[in-house]
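The values are calculated or read from the model by the stated rules, or taken from the named source; none is laboratory data. Given the structure is predicted, the values throughout are model-derived calculations rather than measurements. Positions of Cβ are backbone-derived with ideal geometry, glycine not excepted, and every protein chain shown enters the neighbour counts. Surface accessibility is based on the protein's heavy atoms, side chains included, excluding ligands, DNA and RNA. Shrake-Rupley method; radii C 1.70, N 1.55, O 1.52, S 1.80 Å.
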Amino acid sequence: MTGLDTIRNSAYENKKHTRQRILNAATEIFSEKGYHGTAVDDIVKASNSSKGSFYFHFPSKQEIFFSLIDRFVASLISNIEIAIDRESGIYDKINAALGIVFNTIAKHRSLARILLSGGMGLGKVFDEKLLDGHARLAGLIKRYLDLAIEEGSIEPMNTEVMAYAWFGSMNEVVIRWLYSENSDFLDQAFDTVREMLLSSINTRK
């Protein structure tokens, strides 16, 4: 590696670190103030960066908000995949996946509320971003349902429709909890949701 390559790699790492620092600060500010109550200056100050650095990485407040949605969904999908792949059997896989979803939402309640519905009023572009996140999560469910069929664990079905039905039911439960005063609602819903998902497919013994 030449000296020029070293300099380039160092510059790349610095930019990457700055971007992550700004994203982390934005997570805290959006969680505290909501989308509409957050200003770019708030994020710049919290991240100990400059406006120039902010706009180098993110053209607007909307773009960093969308980046947070992408990061949240990607992290959730990765953790679900890891949890599922550790288990064997449809019951344990569903149990593990639900555990990741519910625990992640519970741990990041304020952020989840902002990311899932805090962009109301942004219009079509936000709706499309949200639907893209939904599609990615439903696609994950479909992939594992297809795999379960291939393995002979469950009976054949329309996995695309079932995936969206599963996602829709979980999403409604999560949204209900995010705006509920009952802090135990999500824990209380866990077993019911799991049994509902299991009852919607025909497992092969």
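General remarks:
- In plain terms, the C-alpha convex hull of the range 121-205 casts an average shadow of 6.7 nm² when viewed from every direction.
- Entries in 16/129; 15/124; 107/142; 93/129; 15/61; 16/45 that, when Cα-Cα distance is taken, lie over 21 Å: 16/129; 15/124; 107/142; 93/129
- Helix axis angle, 185-199 relative to the chain longest principal axis, alpha carbon, degrees: 50 degrees
- Per residue, the accessible area of the chain comes to 56 Å² when a 1.4 Å probe rolls over the protein heavy atoms.
- Built amide H within the under 5 Å cut-off of residue 154, gap 5+: 149, 204
- For the chain, the residue among 36, 48, 65 whose Cα projects farthest onto the positive side of the dipole built from Cβ charges is 48.
- Simple point charges give the picture: +1 on the Cβ of Lys and Arg, -1 on the Cβ of Asp and Glu, and for the range 125-205 a dipole about the Cα centre of about 200 debye.
- Here residue 33 is the anchor, and the aspartates and glutamates within straight C-alpha reach of less than 19 Å, apart from those fewer than 8 places off in the same chain, are 41, 42, 63.
- Here residue 201 sits with roughly 10 square angstrom of accessible surface, probe radius 1.4 Å.
- Carbon plus sulfur fraction of accessible area for the range 56-202, probe 1.4 Å, in percent: 53 percent
- Counting only Cβ charges, +1 for Lys and Arg and -1 for Asp and Glu, the dipole size of the chain around its Cα centre is about 720 debye.
- In the range 64-184, Rg over Rh equals 0.98, where Rg is the alpha-carbon radius of gyration and Rh the Kirkwood radius from pairwise Cα distances.
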